[in-house]
Amino acid sequence: MAQPNDLSRSLTPFVQGNTLVAVIELSLSGWLVAGLVPGVARQPMKKLEPSAAELLRLLQRWREEAARVGCTIERVVVAYEAGRDGFWLARWLLAREIEAHVIHSTSVAVSREHRRAKTDRLDAAMLLRVLMGWLRGERGHCGMVAIPTTDEEDAKRPYRERENLVGEQTRIINRMKAAMVRLGIRGFKPELRRAPKKLDGLRTPEDLPIPTNTLEELRRDMARLAMVREQIELIEQARLARIAQAPETGPNAMVRLLASIVGVGIETADMLVQEVLCRNLRDRRAVARYAGLTGSRTKAGSNGERGAWLRPAMPAFAAA
């Protein structure tokens, strides 16, 4: 049985004489575009405003430069490193019949020297080198990220928002507990819903009330905790309503199937479907690597001392 393409190398034959290759080093203030134009000896590099239209005009100008020296461009490949900008640019380019790829940021080998030169120009040149190796079908240069559709990307937002809110909830509770310990108050549980009503009656070991500023801080933290809990509840209710509206459609059917397993709840089932099962992982080993179940050690120090285990991409998946 043929294995799915894991995007570790290109399966399309690469003809350098008719392929325009470009990489983009993205930033908030500007984009640095490095290219490899057939028939042109120099490797052009252009700083642009962060505008997709400007990028399209630059690619067209490079295409015309290649045509002037007798090279007909039949394929245009554009790539950039995955990061804050997400996948909108890749989808925009694909809609205009330009082959777009998003390079997995951790798949690019970089120097581990403590002091090394790092500029946008050097990063763009490095991305261009690894992209050329990937286009030639060679493994080990870099890996690409599967480009999701807008709907697929949006489907991950409820779980990720809930995960952030749960983390915020934990931080608020820990902060309130630390304030209690600082005052010598033990046995009080500030995470309980009735805790705000009991604040005024608390006393320190010196039989003093909680200081005014600390008391106001605790009240604000408790109000913030109530708001976070309300938002978590809204997300969970919206998810249940979405599944109830179309129980047999797309991923909802898979969520219901997983949730029917004893010990697997709706939250875990939704996480598995949206974050794991939607990915085109090559085999069971790839699934285990993604979950961090088959970790590999990082190399710490110049003498190769034993390092820490790599963290899983999805800690919640590993815990599940």
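We did not get these values from a lab; they are worked out from the coordinates using the rules stated. What you see is a predicted model; the values in this text were computed from it and never measured. Cβ atoms come from the backbone with ideal geometry, glycine included; neighbour counts cover every protein chain shown.
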**Asked** Quick one: helix 52-68 against the long Cα principal axis of the chain, what's the angle to the nearest 10°, folded into 0 to 90?
**Response** 20 degrees
**Prompt:** How large is ³J(HN,Hα) for each residue in segment 19-24, as worked out from phi by the Karplus curve 6.51 cos²θ - 1.76 cosθ + 1.60 (θ = phi - 60°), to whole Hz, x for Gly and Pro?
**Reply:** 10, 8, 10, 9, 10, 10
**Message:** Need one number: nm distance between label points at GLU152 and GLU138, each 7 Å from Cα along Cα→Cβ, rounded to one decimal.
**Reply:** 2.9 nm
**Request:** Pull up all non-local amide H partners of ASP6: gap of 5 or more, or a different chain, and H-to-H distance under 5 Å with H placed in the peptide plane.
**Result:** none
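Do you know the relative contact order of segment 1-151, to the nearest whole percent, from alpha carbon pairs under 8 angstrom that are 6+ apart?
Working: 241 pairs, mean separation 45.6, N = 151.
About 30 percent, as a whole number.
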**Asked** What residues have an amide H closer than 5 Å to that of ALA79, excluding those fewer than 5 places away on the same chain, when H is modeled at 1.01 Å from N in the peptide plane?
**Response** ALA22, VAL23, ILE24, HIS101
**Request:** Nearest 5 is fine: what % of DSSP beta bridges in the chain come out antiparallel, could you say?
**Result:** 60 percent
**Asked** In degrees, nearest 10, range 0 to 90: what is the angle between the Cα axis of helix 212-245 and the longest Cα principal axis of the chain?
**Response** 60 degrees
**Request:** For the chain, find the longest principal axis of its Cα atoms and tell me its angle to the long axis of helix 157-182, 0 to 90°, nearest 10.
**Result:** 40 degrees
**Read-out Rg and Dmax of the Cα atoms in Å, derived from the coordinates shown; its label in (i) 26.2, 90; (ii) 18.2, 55; (iii) 20.2, 67** = (i)
